[in-house]
Every structure is written in structure tokens, then in C-alpha cells.
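Undergrad: Dropping a structure here in C-alpha cells format, bear with me for questions.
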Amino acid sequence: MTAVRTTPPGTTPPPRLPVREKSAARERGGGLSPMLTRLAAERATGVLERERGSLYLAEGRVVHAESPLAPGLDVLLLAHGTLAPAVWQDAVDRADEEYGAARLLLDAGRVPRGALELCHLEAVFDAAYFALTPSSTPGHFRYGAGHWLGTLRPVQVDVVERETLRRRALLHRLWPDPLTDGAPLRRAETVAAPAPTARQSAVLALVDGVRTATDIARELGRQAFHTLVDVRRLAAAGLLTALFPPPRPHHPPHPPHSPTAPHLHPQAQAQAYPPQAYPQSPAQSPAQSPSPSPSHQEPHLHPHAHVHPNTDPSAHPRPHPALPTVTATNPATNPVPVPDPPPGITLPRVNDPDITLLKRLRDALEAL
């Protein structure tokens, strides 16, 4: 066995490339957004806009987060009477770059600082959970952009990412199907289901087949994540389920045209192949068949119809189940003997007007 050296003898091998350990990054809370990690290292200030939410940074720390899937800070403050709607709207209208809405509320003594910071922290973690969801579109960062709320209590980026991973793991343990997070919810009939808690009963009372978990959270004035916990527990108990999107209507493809049949306009096909030209059943006699109308004497082809030059319409009659199929190329030049029909079957007469019509149509097609 021969050993192969990758470096010449007497030389120092190059250093190994650094490899990022995914487990260590997961424990530190990293790996959710490499851009967010880089912005935190740069101590950047601005807003990171992603598909399902935005994160506002000040010197590399998260100062606010917003998502259309999570109730905002105003919902958490106004739903339970912590703050009057008129007071909140006045602070929002007077907020500027120097005095944010949070500072105006605290300076005026409208809300206790502890209550405001607690609600703000809940809103940040709630919106960050959706904003850091894996997406197919890349995020972009706008430097220098700020939020009208102002800086209240910044949160480290690794803390936000670690909390997001913890919430994902918790929801997966409760119920691994994430369809209940964004789809409309409906009640499910189950047998011997456990009795829901008071919080779960409030969520279940708003399930109507239209509302989603986010809609229910807004109406109850709760965090979206806490509502997702209740929804997944109810789904695991069999008390509700998510509505799947309705299936698309399936339209079967049109059957392809036969290679031996002429491509005619529907009106021309009706004139070229009248019902009287086919063999009649035993229940119908030739005397009962209606006589052809004068309009059937002169068939008119569609101006854009494609007609095969070697196609003879009279050579392809509709076969009867009791008769053998007979193939003829041109009855005028190469007659083919037709066997006698079974008893009770009457074939059309040779001098039938429809046969004459088909011959005239054959002559017209051969002249093309």
C-alpha cells in the first residue's frame, strides 16, 4: 500500500478552513438570518424587511418588530383597557424622530413604564417569530430608517433568534402540522374529546370556518403565538381542523381528431354526415326516416377547413354493432363486395339521395 502526500515533504500544510457547527449556531440562536447576524455585528441602524415582517435595528439591536400576521402593540394596549384609544392616537400623531410615541406616553404618565415595556417585548417576539420564517424571497435592509415608536428597550439579535427557535420547537411538539397557523379554521366533531380550558374555549368560540389564528388573536387582543399554542392543542385534541384549499376543477382534454377523419366545420360535418346516411336499426324502417331537406343537397365547407386529399367520407360509415366493419378506398374504381346483412337489418338503397350526396362530396374533395 502506497501513501500519497498532498504536500511536498518538509513543508507546512495549509491551515484547515473554518467550518461552522450548526449545532453550536443553533444553541446561540444564530442561523435564522445570516443578514441579520451580519447587521448585528456591524452595529447597523435601519430596518430589515422580509417577506412576512420587518425588524428595526438601532446600533445592531432590535428595537421593534412588525408583521401582518401578529397583532401590533396598539392591540395589546387597547384591547384590555391599559390605554385609551384617543391617548394612543394622540401620541402617534405627535411622534417625530426626536420624541417617539413611547417617550410621549411615558413623559405624560399615560401608561406605567413596566406595562409598556412588557407589552412591547411581547409584540417584538411575536412579530419576529413570523418575520424570521423561512421564505423564498431575499430580505433587504434600509440603512438609517427608524420607527415612529422610538427606542424603548432594545433586545439583542441572538436573544430574538433563540426565542424564535424555542417557539418553533414548542409548536412542533404540540402539533407538527403547521397548516393550522395560517389557514381558516373550523370545528371538528370528535368523540370523547378532553374539555377545553377557558382560554381554549374563547378561541374555539370564534372558529367559524373563515377566521384564521391571526384573526382570532386580534379579536381577543392576545399575542399571535399564544393563540397558535391554543390552536395546535385544540387540533391535537381533535376539536378543530384547518380548511384545505378547494380542488381546482378538472377539465378532461378534448379527444384528438382521428387521422382519417376530415377536419371540417361543425356545420359542414352535420351536412356531410346526415343521420340518414347511417344504417338504420331494426326498430326503424326506411319509410319512417324523414326525407332530406333541400339544404342537404349542397354542402358548404368552411373556408378554413382542412380536408385530407385522400379522404372519402362515403368510405367511413358508422359501423353497426351487428355488422362487420368493411373498409373501401373508392367504391367507383375499386368496388368491394359487401356481405349480406343479418336478418332484420335493412341497408340503404343504392339510389338513395344521401348516397348521391356523399358521392358528390367525394368528387368535390378529390378535385381539390
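Undergrad: Looking at this structure, is ALA145 more than 18 Å from ALA44 (Cα to Cα) and either within 33 Å of the chain's Cα centre (by Cα) or in contact (Cβ under 8 Å) with a residue 24 or more places away in the chain (or both)?
TA: Spelling it out, it is not the case that ALA145 is more than 18 Å from ALA44 (Cα to Cα) and either within 33 Å of the chain's Cα centre (by Cα) or in contact (Cβ under 8 Å) with a residue 24 or more places away in the chain (or both).
Undergrad: Then there is this: Report those helices (runs of 4 or more DSSP H) wholly inside the stretch 49-136 carrying at least 1 residues which are in contact (Cβ under 8 Å) with a residue 60 or more places away in the chain and under 39 Å from the mean Cα position of the chain (by Cα).
TA: Where helices (runs of 4 or more DSSP H) fall fully within the stretch 49-136 and carry at least 1 residues being in contact (Cβ under 8 Å) with a residue 60 or more places away in the chain and under 39 Å from the mean Cα position of the chain (by Cα), they are 73-78, 113-131.
Undergrad: Residue pairs, Cβ under 7 Å, 6 or more apart or interchain, first in the stretch 196-209 and in the same structural domain as ALA236 (by TED's automatic domain parsing) and at negative phi, second of a type outside the set (A, V, I, L, M, F, W, C) and part of a helix (DSSP H, G or I). List them.
TA: If the second residue must be of a type outside the set (A, V, I, L, M, F, W, C) and part of a helix (DSSP H, G or I), the pairs left are ARG199/ASP230; GLN200/ASP230; GLN200/ARG233; VAL203/THR227; VAL203/ASP230; LEU206/GLU219.
Undergrad: Assess whether VAL157 counts as being surrounded by 18 or more Cβ atoms within 10 Å (Cβ to Cβ), touching a Ser or Thr at 6+ places or on another chain (Cβ under 8 Å), closer than 22 Å to ARG50 by Cα and not basic (Lys, Arg).
TA: yes
Undergrad: Quickly run through the stretch 36-48 and pick out the residues that are under 18 Å from GLY146 (Cα atoms), part of a helix (DSSP H, G or I) and not acidic (Asp, Glu).
TA: Scanning the stretch 36-48 gives LEU36, LEU39, ALA40.
Undergrad: Within the stretch 160-185, track down each residue that is polar (S, T, N, Q) and either exposed (fewer than 14 other Cβ atoms within 10 Å of the Cβ) or closer than 13 Å to ALA236 by Cβ (or both).
TA: Of everything in the stretch 160-185, just one residue is polar (S, T, N, Q) and either exposed (fewer than 14 other Cβ atoms within 10 Å of the Cβ) or closer than 13 Å to ALA236 by Cβ (or both), namely THR180.
Undergrad: Being under 30 Å from ALA102 (Cα atoms), touching a residue at least 40 places away in the same chain (Cβ under 8 Å) and among the polar types (S, T, N, Q) narrows it down to one of THR151, THR190, so name that one.
TA: Step by step, each of THR151, THR190 is checked, and only THR151 is under 30 Å from ALA102 (Cα atoms), touching a residue at least 40 places away in the same chain (Cβ under 8 Å) and among the polar types (S, T, N, Q).
Undergrad: What number goes with the only condition from (1) surrounded by fewer than 16 Cβ atoms within 10 Å (Cβ to Cβ); (2) under 24 Å from LEU121 (Cα atoms) that ALA188 does not pass?
TA: With (1) surrounded by fewer than 16 Cβ atoms within 10 Å (Cβ to Cβ); (2) under 24 Å from LEU121 (Cα atoms) applied to ALA188, the lone miss is (2).
The values are calculated or read from the model by the stated rules, or taken from the named source; none is laboratory data. Computed from a predicted model, the values in this text were never measured in an experiment. All Cβ positions, glycine included, derive from the backbone under ideal geometry; neighbour counts span all protein chains shown.
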